[in-house]
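What follows is calculated from the coordinates using simple rules that are stated; it is not laboratory data. What you see is a predicted model, and the numbers here were worked out from it, not measured in a lab. Note that we place each Cβ from the backbone using ideal geometry, even for glycine, and neighbour counts take in every protein chain shown.
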Amino acid sequence: MKVTATRTVDEIGRILLPRELRKRYQIQADTPIDIFDSGGQIVLRKAKEHCVFCGEEYGLKQLKQTHIFICSSCQNKISEMV
């Protein structure tokens, strides 16, 4: 993995993404970003809709009037429990 830039974390934990990356990945001021801990590395990516329980990104259904999604597998498991 190539280092694109080095930034310092400010006193409240913020970092500035380089303009080139924001432009390349179309990241605006209101763009949601997912943050992962991946074996000692911090990984950032533009947020995707995903199951709130397992993280699956396919076969999702949105809960009524929310921004919460659940996959069919988790929905079936919950249905079996009730």
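Looking across segment 16-36, the residues that are of a type in the set (A, V, I, L, M, F, W, C) and either under 25 Å from I78 (Cβ atoms) or surrounded by 11 or more Cβ atoms within 10 Å (Cβ to Cβ) (or both) come down to L16, L17, L21, I27, I33, F36.
Sort out which residues of segment 37-58 are in contact with a Cys (Cβ under 7 Å, 6 or more places away or on another chain) and surrounded by 13 or more Cβ atoms within 10 Å (Cβ to Cβ), and write them in order of number. C51, F53, E56, listed by residue number.
With assigned to a loop (DSSP other than H, G, I, E, B) and touching an Asp or Glu at 6+ places or on another chain (Cβ under 8 Å) as the only criterion, which of E56, E49 stands out? Full working, then the answer.
Working: E56 fails: touching an Asp or Glu at 6+ places or on another chain (Cβ under 8 Å).
Within the list E56, E49, the selection yields E49.
Comparison of S79, S73 shows that the only residue that is among the polar types (S, T, N, Q) and either touching a Cys at 6+ places or on another chain (Cβ under 9 Å) or part of a strand (DSSP E or B) (or both) is S73.
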